[in-house]
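**Q** What follows is a single structure, and I will ask about it in a moment.
The values are calculated or read from the model by the stated rules, or taken from the named source; none is laboratory data. Just so you know, these numbers come straight off a predicted model, no measurement behind them. Positions of Cβ are backbone-derived with ideal geometry, glycine not excepted, and every protein chain shown enters the neighbour counts.
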Amino acid sequence: MPAKRLGLFLVVCAPSGTGKSTLVRRLCAEFPNLSFSVSATTRPPRHGETDGVDYHFLDRDTFLAWREAGRLAEWAEVHGNFYGTPLAPVREAMAAGKDVLFDIDVQGAAQLRQSLGAGAYVFILPPTRAELSRRLSARGTDSPEVVAKRLAAAPKELADAPLFDYWVENAELEAAYADLRAIYMAERRRPCCHPDLLPELLAQWDAAI
């Protein structure tokens, strides 16, 4: 019987337009054991969204009660709505050997350090300011004013990069993905993820005496 493996959590942050979403979607597609945490929110469901799959949809009073009871690993208020990560499902998934990925901002990452402790914290860096500006404009989803706002916010986000365990520069997608993949694979081999492996191996010597 193989030794039990405990799950880990991977936190990925980056300034908008750096290519984070492309990288993390690819990582989850390659590794089915790694999945996004399902957040809770007070905003109404959009067409096609399913409670418990896309989000846990809560009313404001319930969300605040969860927050006060310490049931959220992290939370934030965005445009008048609350968003947060329920703590219990993350711990349950990790205890069952499943890995959890958080695609959040640096404030959320700081809260996770308080609620969940050690994990793998990765910051995705753009290669240059000019390239980040080009990518934001090329998406075609934001107005020039929004692009300018996101670009202006990037230095403050980059200033928090030293708080993270790993840096991945996304100058070229394949190289950046190879780096992110290598980080995840290495984290999976940490002794804390395999608490039974060494005791079960050493027990074979005891049984042979």
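**Q** Considering every residue within segment 189-206, establish whether at least one is among the basic types (K, R) and either assigned to a helix (DSSP H, G or I) or at pLDDT 95 or above (or both).
**A** For segment 189-206, residues among the basic types (K, R) and either assigned to a helix (DSSP H, G or I) or at pLDDT 95 or above (or both): absent.
**Q** In addition: In segment 34-63, what count of residues is obtained for those that are surrounded by 12 or more Cβ atoms within 10 Å (Cβ to Cβ), in contact (Cβ under 8 Å) with a residue 12 or more places away in the chain and of a type outside the set (D, E)?
**A** Result for segment 34-63: 16.
**Q** If I go through segment 151-165 residue by residue, how many of them are within 17 Å of Q107 (Cα to Cα) and either surrounded by 17 or more Cβ atoms within 10 Å (Cβ to Cβ) or in contact with a Cys (Cβ under 6 Å, 6 or more places away or on another chain) (or both)?
**A** Here the count works out to 4.
**Q** Which condition from (1) modelled with pLDDT under 90; (2) under 18 Å from the mean Cα position of the chain (by Cα) is the one that H47 breaks?
**A** (2)
**Q** Next up: Any chance you could count how many residues in segment 18-32 are surrounded by fewer than 18 Cβ atoms within 10 Å (Cβ to Cβ) and over 14 Å from the mean Cα position of the chain (by Cα)?
**A** Count: 4.
**Q** Hey, another quick one. Filter segment 1-25 down to the residues that are closer than 26 Å to P162 by Cβ and of a type in the set (D, E, K, R) and list them by number.
**A** Within segment 1-25, K20 is the sole residue that qualifies.
**Q** Scan segment 131-144 and report the pairs whose first residue is closer than 15 Å to P15 by Cα and whose second residue is surrounded by 15 or more Cβ atoms within 10 Å (Cβ to Cβ), with Cβ atoms within less than 6 Å and a gap of 6+ or a chain change.
**A** L132/G17; L132/P126; S133/L151; R135/G17; L136/G17; L136/V147; L136/R150; S137/V147
**Q** For segment 100-150: of the residues being loosely packed, with under 12 Cβ neighbours inside 10 Å and of a type in the set (V, I, T), which is farthest from S21 (Cα to Cα)?
**A** My answer is T128.
**Q** Name every residue in segment 162-178 that is within 15 Å of C13 (Cα to Cα) and assigned to a helix (DSSP H, G or I), in order of residue number.
**A** Hits for segment 162-178 are P162, L163, A176, Y177.
**Q** Tell me whether segment 65-78 contains one or more residues that are modelled with pLDDT under 90 and touching a strand residue (DSSP E or B) at 6+ places or on another chain (Cβ under 7 Å).
**A** Checking segment 65-78: at least one residue is modelled with pLDDT under 90 and touching a strand residue (DSSP E or B) at 6+ places or on another chain (Cβ under 7 Å).
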